[in-house]
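Asker: Pasting in a structure now, in structure tokens, and then I'll have a few things to ask.
The values are calculated or read from the model by the stated rules, or taken from the named source; none is laboratory data. Everything numeric here is computed off the predicted structure, so don't read it as measured data. Positions of Cβ are backbone-derived with ideal geometry, glycine not excepted, and every protein chain shown enters the neighbour counts.
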Amino acid sequence: MNISYKRFINAVFVLMFPLLAFGCGGGGASAAGTSEPAGPVLRWSPPQSYTDQTPLDPAKDLSEYIIYVNDTGVFSASTPSSAVLGAIDPATGNPATSFNLGKLAPSLSSNVTYYVSMQSVSNTGGKSAFSPPASFSF
């Protein structure tokens, strides 16, 4: 096993704490002109290094982000994903840094506190630790 592969397998991505920004008013429009549902927006900074501080280029080293939502705030390997998005935003060609949680509204109830966490996934399938949970509601 070569050293860089071993380092990759043993390293866990450092995912910056996700922040929620709450929108107000209507749904807004996407770059393609389609309307997006109103709701809180999960925002994050893409990881820039592995836990061993080896540099990571999110545009080259990551394949996707997995978003998890539940009403307990406890996340584990058995928690089902709520959404998966590519590491690169197709509208900009830059690393993805946000997700509109309003897209999940049809499967969630109003007036319930939900928690969201996420993981970054490498091109070889390695997953980061879960980000600290943040709460939101509709």
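Asker: Across region 15-62, what is the number of residues that are out of contact with any helix residue (DSSP H, G or I) (no Cβ under 8 Å at 6 or more places or on another chain), at pLDDT 85 or above and outside any loop (DSSP other than H, G, I, E, B)?
Answerer: The number of residues fulfilling the criteria is 7.
Asker: Among residues belonging to region 69-103 that are of a type in the set (Ser, Thr, Tyr) and part of a loop (DSSP other than H, G, I, E, B), point out the one that is nearest to residue 135 (Cα to Cα).
Answerer: Residue satisfying both the conditions and the ranking: 72.
Asker: Would you say residue 52 is touching a Lys or Arg at 6+ places or on another chain (Cβ under 9 Å), in contact (Cβ under 8 Å) with a residue 24 or more places away in the chain, of a type in the set (D, E, K, R) and surrounded by 11 or more Cβ atoms within 10 Å (Cβ to Cβ)? Even if it seems obvious, please write down each step before you answer.
Answerer: Numbers: touching a Lys or Arg at 6+ places or on another chain (Cβ under 9 Å): yes; in contact (Cβ under 8 Å) with a residue 24 or more places away in the chain: yes; of a type in the set (D, E, K, R): yes; surrounded by 11 or more Cβ atoms within 10 Å (Cβ to Cβ): yes.
Here the answer is yes, as residue 52 does meet what is asked.
Asker: Spot the failing condition for residue 106; the list is (1) of a type outside the set (Gly, Ala, Ser); (2) modelled with pLDDT of 95 or more; (3) assigned to a helix (DSSP H, G or I), and only one is missed.
Answerer: (2)
Asker: Another question about this same structure. Here is a list of conditions, (1) out of contact with any Lys or Arg (no Cβ under 7 Å at 6 or more places or on another chain); (2) surrounded by fewer than 18 Cβ atoms within 10 Å (Cβ to Cβ); (3) farther than 12 Å from residue 117 by Cβ, and residue 97 meets all of them except one; can you say which number that is?
Answerer: (1)
Asker: Name the one entry in 61, 89, 57, 71 that is buried (at least 19 other Cβ atoms within 10 Å of the Cβ) and charged (D, E, K, R). Reasoning before the result, please.
Answerer: Working: 89 fails: buried (at least 19 other Cβ atoms within 10 Å of the Cβ); 57 fails: buried (at least 19 other Cβ atoms within 10 Å of the Cβ); 71 fails: buried (at least 19 other Cβ atoms within 10 Å of the Cβ).
Among 61, 89, 57, 71, only 61 is buried (at least 19 other Cβ atoms within 10 Å of the Cβ) and charged (D, E, K, R).
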